[in-house]
Each structure stands twice: as structure tokens, then as C-alpha cells.
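Engineer: The following block contains the structure, expressed as C-alpha cells.
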Ligand SMILES: [Zn+2]
């Protein structure tokens, strides 16, 4: 179980897939143990997700925080490349 902060990024352009949860809603919720929070306002955006959910589920490039409107990108821990 861990809490991770996402990295703020500029507004994605082109065909980037951006999750835009409604205010008070999570962008993604699963059965894992990780929580990802907005890098700007610390709002939880992904809750109880697993590595599989985040990196091998429905693909997305960024998450727009419904509270502060900033775009967040998940930072891959790095030790799990294929
Ligand atoms: Zn935010």
C-alpha cells in the first residue's frame, strides 16, 4: 500500500488520452493498494489501484484534476519495463 504523487504536466495535445473525472470522483478505482494524488492540490485521483490497473489496463496519458484543473502524469517507478 503506498501513496504516490503524480507529476504536473502541461495540457496534453494531439491525441493524448486524458481522464477527466467529475468533481469529487476518482478517475480510476481498483482493487490494488496504491493511491495516486494530484501533484498540485493533493486530491486523490486514483484510489486502490494496482500496477496492472495503471500501466496495463485502459491506457491513458494524463489525468485532469477536477479540483484544480491541472494535468497530472503518473510517474513509472521505473523497475518494470518490458
Ligand atoms: Zn489538483
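Every number in this text was worked out from the coordinates using simple rules, so none of it is lab data. None of the values given here were measured: they were computed from a predicted structure.
Engineer: Divide by every residue of the chain the summed helix terms, -39500 (n - 2.57) for each DSSP H run of at least 4, and state the resulting mean residue ellipticity at 222 nm, rounded to the nearest 500 deg cm²/dmol. Kindly include the intermediate steps, with their values, before the conclusion.
Structural biologist: Numbers: 1 runs with 6 residues, N = 82.
For the chain, the value works out to -1500 deg cm²/dmol.
Engineer: Among 69, 57, 39, determine the one that fluctuates most according to a GNM of the chain built with springs between C-alpha atoms less than 10 Å apart.
Structural biologist: Residue with maximal mean-square fluctuation among 69, 57, 39: 57.
Engineer: Can you tell me the mean projection area, over all orientations, of the convex hull of the chain's alpha carbons? Units nm², please.
Structural biologist: Values: hull surface 21.3 nm².
Result: 5.3 nm².
Engineer: Expressed as a rounded percentage, what relative contact order does region 1-78 have, with Cα pairs under 8 Å and six or more residues apart?
Structural biologist: Values: 160 pairs, mean separation 30.0, N = 78.
The normalised contact order for region 1-78 reaches 38 percent.
Engineer: Would you look at the GNM of the chain, springs on alpha carbons closer than 10 Å, and say which of 13, 43, 35 moves the most?
Structural biologist: 13
Engineer: While we're on this one: If I build a Gaussian network model for the chain, linking alpha-carbon pairs within less than 10 angstrom, which residue out of 33, 14, 24 has the largest mean-square fluctuation?
Structural biologist: 14
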